[in-house]
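The values are calculated or read from the model by the stated rules, or taken from the named source; none is laboratory data. Keep in mind it's a predicted model, so treat the numbers as computed, not measured. Every residue, glycine as well, gets a Cβ built from its backbone with ideal geometry; the counts of neighbours run over all protein chains shown. SASA here: full protein model, heavy atoms, side chains in, ligands and nucleic acids out. Shrake-Rupley method; radii C 1.70, N 1.55, O 1.52, S 1.80 Å.
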Amino acid sequence: MKQSIDIMPKQSWVLSSPDSSLQFQIELSEEGTLYYNVLKEKSMILDRAPLGIVTTEADFTKGLAFVRKVSSEVNDDYTLPHGKTKHYENRANELTLFFGKNGQELQFICRAYNDGIAFRYQLAGSGELVITAEPTGFVLPQEPLINVWSQKWMECYERTYDLGMLETMDESDYAFPMLFQVGNAGWVLLTEAAVYGTYCAAHLKVSGEKARTLELAFAPDQPGPNVTSAPFATPWRTAIIGSTLATIVESTLVFNLNPASEVEDMSWIRPGRSAWSWHSDSQSCKDHQKQVQFVDFAAEMGWEYSLVDGGWDREESTTDVPELIKYAESKGVGIWLWTHYKRIKEEEECRNSLELWASWGIKGIKVDFFDSDSQERIQVYDMIANVALENKLMINYHGSTKPSGEQRRWPHVMTREGIFGAEYWKNDLNEGPNATHNCTVPFTRNVVGAMDYTPVTLSRVTRTGHGHQLALSVIFESAVQNFADSIEAYNESGGKLFLSQVPAAWDQTLLLEGYPGRYVTMARRNGDDWYIGAICAAGGRTCHVDLRFLDREASYRAEIYEEVFGPLDHYRFKHSTDITVRTDIVTHADTLHLPLRVNGGAVIRLTKI
């Protein structure tokens with residue numbers, strides 16, 4: 001591994017990525033203030049921006065004196081039972097700079113990966129530590145044209161990521177992650193990693209004084225300072241950086257920045273597909289017979305789970321969960337249970353409930369309505385994760401903050417919401433997630449962790465074609481994929497067979513083509529089989545599937561699911577509900593060209609012959 005850490009004049013340091021494509025430059029000014037910038041192959045990606053953290057004991061934004069440095073390499077591999085890949089490679093160069101001020105010490109830890117940079121502040125000592133501010137900046141270069149895909153912050157992260165420019169962004173609070181196209185130099189996704197209960201989650205504000213500058217801020221619902229204990233380290237401030245969007249989409253950087261898994265035996269952590277009755281019938285969770293029907297359908301489809309959502313525990317409910325679990329076990333189906341987070345937010349209540357439900361035989365819990373990024377609420381996430389681990393229960397967090405790679409430490413946290421998903425189509429008065437949104441989140445929200453969008457909605461008017469909806473089962477990654485629609489809708493669909501085959505965990509992920517808000521074509525591998533999903537927004541297009549990623553020594557049977565075109569579809573705003581299936585024999589030398597309708601899509605299953 002190539003490493004380059006050189007002291008530059010006037011107390012400056014450069015940390016290079018293993019392949020030398022990225023340079024993370026740190027500067028200590030004459031006033032004792034830290035700044036940084038990032039170059040990619042000599043092009044400025046992040047311009048000179050301030051660093052610092054403020055506690056009740058010391059203001060580490062100025063007056064710092066350099067003490068010493070320690071350089072090292074990060075070099076470890078690990079596996080997880082789910083995600084966009086199976087084998088994770090964690091390779092980085094690391095530099096820790098030690099600074100002093102009035103007898104206090106600040107450690108600034110920075111890493112350079114081939115696909116991005118990350119940094120955090122670490123404070124030594126012992127006892128209570130009160131952190132009042134973290135005035136860290138992110139400055140985009142001043143010269144190039146910069147496109148931004150940003151989400152206005154809200155507690156549950158259920159908004160769109162909208163295309164704009166920094167100069168026109170005037171909301172007070174914006175959420176992580178945020179995507180930038182920096183001229184011709186490349187792409188940047190800003191986010192944070194390893195957010196645990198020692199700190200609140202953070203977000204971004206647009207500076208009112210400095211051009212193209214974003215300022216890190218505590219969660220808007222954080223009532224005061226972060227109160228923690230030393231020694232302490234902040235979450236990682238992270239920029240995934242690439243010449244192409246494939247680097248962004250395929251990156252595992254946020255996972256690499258998290259602690260190693262605390263779970264030694266992962267045999268009980270099983271990714272899979274789930275039937276879900278609530279979307280098509282909100283009252284069904286109180287009806288035992290309807291839950292039996294969804295269990296039967298899950299068994300017929302070969303899906304691993306069925307989710308019993310809100311209402312099962314109401315007084316009027318006929319759903320007998322222990323009896324349902326016994327029946328589901330006889331069908332080879334596991335049961336997940338919904339609960340409001342308030343029911344288990346206290347540790348004793350959490351232990352009592354989870355021990356009881358685990359004794360019934362449930363496989364996982366869906367915990368809803370967190371709706372906060374505060375330190376107090378992040379602590380509740382942590383507590384539930386630990387108690388669930390003790391009871392060998394998997395977790396789906398809803399009404400939640402965005403992920404920050406915690407699935408590496410706690411792989412039983414299978415998925416979370418934090419996404420403007422299909423549930424918004426339930427209300428006919430809502431504008432649900434349209435094709436533009438679906439073509440954006442693969443480059444933003446889903447990059448940083450599993451996403452319980454609850455895809456494949458066929459029976460409602462989503463303003464997208466059925467091929468588009470079917471493709472979301474491939475394009476949207478979630479370790480437990482809760483399919484949203486009714487038994488009848490899937491039985492009537494030409495894509496039913498595909499939904500019975502598509503997995504929820506992947507050995508490899510490739511972005512084949514795409515641009516945020518316009519189109520996405522993605523290939524994912526499970527074992528020897530490949531699954532390809534293609535969607536587009538607006539006017540339709542021809543999807544180009546270059547198969548050079550296939551095994552060069554093999555031929556494949558391609559099962560291609562396409563939407564049906566009519567003679568006027570080249571200009572009419574219509575959405576296909578009909579799907580045709582054709583087969584072909586292909587090799588790595590082939591390229592498939594698939595016409596997509598307006599807001600349409602297609603899927604392909606490739607199996608070795």
May I ask for the angle, rounded to the nearest 10°, between helix 347-360 and the longest principal axis of the chain, with both axes built from Cα atoms and the value confined to 0 to 90°? 30 degrees
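In terms of the ratio Rg/(2.2 N^0.38 Å) built on C-alpha atoms, what value belongs to the chain?
0.97
Among the trypsin sites (Lys or Arg not before Pro) in segment 169-264, which ones are in a DSSP loop with at most 16 other Cβ atoms within 10 Å of the Cβ? Mind listing them? Walk me through the numbers on the way to the answer.
Working: sites: Lys205, Lys210, Arg212, Arg237; in loops: Lys210, Arg212.
Answer in residue order: Lys210.
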If I model a spin label as a point 7 Å beyond the Cα along the Cα-Cβ vector, how far apart are those points for Arg159 and Val70 in nm? 4.1 nm
Distance in nm between Gln293 and Lys496 label points, each 7 Å along Cα→Cβ, equals 1.5 nm
Can you flag which of Lys10/Lys69; Lys42/Lys205; Lys290/Lys402; Lys69/Lys210; Lys101/Lys210 are past 24 Å Cα-Cα? Lys42/Lys205; Lys290/Lys402; Lys69/Lys210; Lys101/Lys210
Once Lys and Arg get +1 and Asp and Glu get -1 on their Cβ, which of Thr319, Ile487, Tyr161 lies farthest toward the positive end of the dipole of the chain? Tyr161
So what does Arg557 come to for accessible area, using a 1.4 Å probe and Å² rounded to 10? 100 Å²
Arg314: accessible area at probe 1.4 Å, nearest 10 Å²? 130 Å²
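Calculate the dipole size of the chain relative to its Cα centre from +1 charges on Lys and Arg beta carbons and -1 charges on Asp and Glu beta carbons; express the result in debye to the nearest 20. Walk me through the numbers on the way to the answer.
Numbers: 57 positive and 81 negative charges, 254 e Å.
Value, rounded to 20: 1220 debye.
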Sparse-neighbourhood loop hits (trypsin sites (Lys or Arg not before Pro), segment 44-95; DSSP loop; Cβ within 10 Å at most 14 others) -> Lys62
Could you give the nm distance between label points at Asp578 and Lys608, where each point is 7 Å from its Cα heading toward the beta carbon? 3.8 nm
Near-label residues of segment 14-54 by backbone N, under 11 Å of a point 7 Å along Cα→Cβ of Lys210: 34-37, 47-52
Between Leu204, Pro225, Leu307, whose Cα lies farthest towards the positive end of the dipole of segment 202-331 when Lys and Arg beta carbons carry +1 and Asp and Glu beta carbons carry -1, centred on the Cα centre? Leu204
Gain upon complete extension [Glu348, Glu264; 0.36 nm per residue less C-alpha separation]: 27.7 nm
Using θ = phi - 60° and the Karplus curve 6.51 cos²θ - 1.76 cosθ + 1.60, what whole-Hz ³J(HN,Hα) does each residue of segment 15-27 get, with Gly and Pro shown as x? 10, 9, 5, x, 8, 6, 6, 10, 10, 9, 9, 10, 10
Angle between the chain longest axis and helix 466-475 axis [Cα atoms, degrees, rounded to 10]: 40 degrees
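Nothing charged except the Cβ atoms of Lys and Arg (+1) and of Asp and Glu (-1): what's the magnitude of the dipole of segment 428-581 about its Cα centre? Round to the nearest 20 debye.
On the way: 13 positive and 19 negative charges, 84 e Å.
Taking the Cα centre of segment 428-581 as origin, the dipole is about 400 debye.
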For every helix of n ≥ 4 consecutive DSSP H residues, a contribution of -39,500 (n - 2.57) applies; sum these over the chain, divide by its total residues, and give [θ] at 222 nm rounded to the nearest 500 deg cm²/dmol. -4000 deg cm²/dmol
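Rounded if a/c is under 1.5, else prolate if a/b beats b/c, else oblate: with a ≥ b ≥ c from the C-alpha gyration tensor eigenvalues square-rooted, which is segment 165-274? Mind showing how you got there, number by number?
Details: a/c = 2.22, a/b = 1.25, b/c = 1.78.
Oblate, because a/c is 1.5 or more while a/b does not exceed b/c.
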Work out the length of the dipole vector of segment 58-204 about its Cα centre, built from +1 on the beta-carbon of each Lys and Arg and -1 on the beta-carbon of each Asp and Glu, and round it to the nearest 20 debye. 440 debye
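For a test of the definition: using alpha carbon positions, the gyration tensor, and the 1.5 limit on a/c, classify segment 254-371 as rounded, prolate or oblate. Provide the component values of the computation, followed by the final result.
Values: a/c = 1.74, a/b = 1.28, b/c = 1.36.
Cα axes put segment 254-371 in the oblate bin.
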For helix 288-301, what angle does its Cα long axis make with the longest principal axis of the chain, in degrees from 0 to 90 and rounded to 10? 90 degrees
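Which value does Rg/Rh take for segment 25-82 over its C-alpha atoms, Rh per Kirkwood? Walk me through the numbers on the way to the answer.
Numbers: Rg = 16.4 Å, Rh = 14.5 Å.
Across segment 25-82, the Cα-based Rg/Rh ratio is 1.13.
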Segment 459-464 - phi-based ³J(HN,Hα) in whole Hz, Karplus 6.51/-1.76/1.60, Gly and Pro as x: 8, 10, 7, 9, 6, 10
Is there a pair in Lys152/Lys426; Lys366/Lys392; Lys84/Lys496; Lys331/Lys363 whose C-alpha atoms are over 19 Å apart, and which pairs would that be? Lys152/Lys426; Lys84/Lys496
State log₁₀ I(q)/I(0) for segment 209-253 at q = 0.15, 0.26, 0.28, 0.32 Å⁻¹ as given by the Debye formula over alpha-carbon point scatterers of equal weight, solvent excluded. -0.73, -1.01, -1.06, -1.16
Cα-based shape type of segment 455-533, given that a ≥ b ≥ c are square roots of the gyration tensor eigenvalues and the cut on a/c is 1.5: oblate
